[in-house]
1. Where the second residue is small (G, A, S) and surrounded by fewer than 16 Cβ atoms within 10 Å (Cβ to Cβ) and the first is closer than 26 Å to C36 by Cβ and touching a residue at least 40 places away in the same chain (Cβ under 8 Å) and lies in region 218-239, which pairs have Cβ atoms under 7 Å and are six or more apart or on separate chains?
2. Can you name the residue in region 9-39 that is buried (at least 17 other Cβ atoms within 10 Å of the Cβ) and either touching a Gly at 6+ places or on another chain (Cβ under 6 Å) or aliphatic (A, V, I, L, M) (or both) and, of all such residues, is modelled with the lowest pLDDT?
3. Out of region 40-73, which residues are modelled with pLDDT of 95 or more and under 17 Å from the mean Cα position of the chain (by Cα)?
4. Does region 98-115 contain any residue that is on the phi > 0 side of the Ramachandran plot, small (G, A, S) and touching a residue at least 12 places away in the same chain (Cβ under 8 Å)?
5. Would you call I246 surrounded by 16 or more Cβ atoms within 10 Å (Cβ to Cβ) and under 17 Å from C36 (Cβ atoms)?
6. Could you give me the residue pairs with C-beta distances under 8 Å whose first residue belongs to region 122-146 and is touching a residue at least 24 places away in the same chain (Cβ under 8 Å) and over 12 Å from D30 (Cβ atoms), whose second residue is part of a loop (DSSP other than H, G, I, E, B) and among the basic types (K, R) wherever it lies, and which are 6+ apart or on separate chains?
7. Is it true that some residue in region 89-106 is more than 21 Å from N153 (Cα to Cα) and among the hydroxyl-bearing types (S, T, Y)?
Amino acid sequence: MQAYIGGIVPLSAAGWPTNVCTAIFFSGCDFRCGYCHNKEFVGFNDELLKDLKDIKKEILKNSGFIDAIIFSGGEPCLQRQALLTLARFAKKQGLKVGIETNGSKPYSIKSLINENLLDFIALDIKAPLRKEIFEKVTQSKTFFRATEDVIENIKQTLDILKGNQDKIQIEIRTTIVPGLIFRKEDVLGIAKDINGLNCRWVLQPFKSDKGTLDQKMSNIKSPTKKFLEDLKKVCQKKYSNLRMNIRV
């Protein structure tokens, strides 16, 4: 079996701060967020096709130095069979498994959970789950798929996580992008969408130092830590049960 793999970082704590991981980046994404800093992993390019046997060898080579495997992207849930195959292999090596995802493929996430393959999920909620703002931020609408369908899928993912929140470490992430997703109404909308989920919600600043998918966005300045702290205060004033962090 082959998969579109954009790269492998042998030792990383960036995606799952409580663990030393090997990070495996799947290539291909169903969103086209203009501020994306992993723009090289957005497409399905033939030169990125890798045999899963080679990926397993990388996992084995690193297994003595790591606690976990984290799958990132791109969007790893688009390649469900390859994702499940590698997750099963990692578990057989005694490693924990985490995933970074936009939540648009609930069936893939449910499959991981049903096989007890998932220990951690970082769910990137990019905007309030309302058609106009979500479409503006993600550019997820296509000829074959309406934005409303994407939003419904993400809501299904949230429901799946709520039903399994006692078994999985859940982190919600939102990138604050000046001029796009930055108003208190934006973050309050997301707070409403995730309220009741046992999770940690991380606000992180947009950064353009690695370039962006939409070149015009590379000139946008990152929001300050104080700006993010102020948004956090607004949310926790209305939703006092939310556990929130700022990650810069």
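The values are calculated or read from the model by the stated rules, or taken from the named source; none is laboratory data. In this text the structure is predicted, and so the values were computed from the model without any measurement. Neighbour counts are summed over all protein chains in view; Cβ atoms, including those assigned to glycine, are modelled from backbone coordinates with ideal geometry.
1. If the second residue must be small (G, A, S) and surrounded by fewer than 16 Cβ atoms within 10 Å (Cβ to Cβ), the pairs left are I220/G179.
2. Among residues in region 9-39 that are buried (at least 17 other Cβ atoms within 10 Å of the Cβ) and either touching a Gly at 6+ places or on another chain (Cβ under 6 Å) or aliphatic (A, V, I, L, M) (or both), the one modelled with the lowest pLDDT is W16.
3. Scanning region 40-73 gives A68, I69, I70, F71, S72.
4. Step one: list which residues in region 98-115 are on the phi > 0 side of the Ramachandran plot, which gives 103.
Checking which are small (G, A, S) leaves us with 103.
Then drop every residue that is not touching a residue at least 12 places away in the same chain (Cβ under 8 Å), which leaves 103.
Yes, because at least one residue in region 98-115 is on the phi > 0 side of the Ramachandran plot, small (G, A, S) and touching a residue at least 12 places away in the same chain (Cβ under 8 Å).
5. Against the criterion (surrounded by 16 or more Cβ atoms within 10 Å (Cβ to Cβ) and under 17 Å from C36 (Cβ atoms)), I246 does not qualify.
6. Note: pairs meeting the criteria are V137/K126.
7. Looking only at region 89-106, we keep the residues that are more than 21 Å from N153 (Cα to Cα), and these are 89-97.
After this cut, where a residue has to be among the hydroxyl-bearing types (S, T, Y) as well, the list is none.
Within region 89-106 (the criterion being more than 21 Å from N153 (Cα to Cα) and among the hydroxyl-bearing types (S, T, Y)), the answer is no, since none of the residues qualifies.
Every residue, every condition in (1) closer than 30 Å to F143 by Cβ; (2) not hydrophobic (A, V, I, L, M, F, W, C), yes or no:
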site: P17; (1), (2): no, yes
site: F25; (1), (2): yes, no
site: N38; (1), (2): yes, yes
site: G43; (1), (2): yes, yes
site: D46; (1), (2): yes, yes
site: D67; (1), (2): no, yes
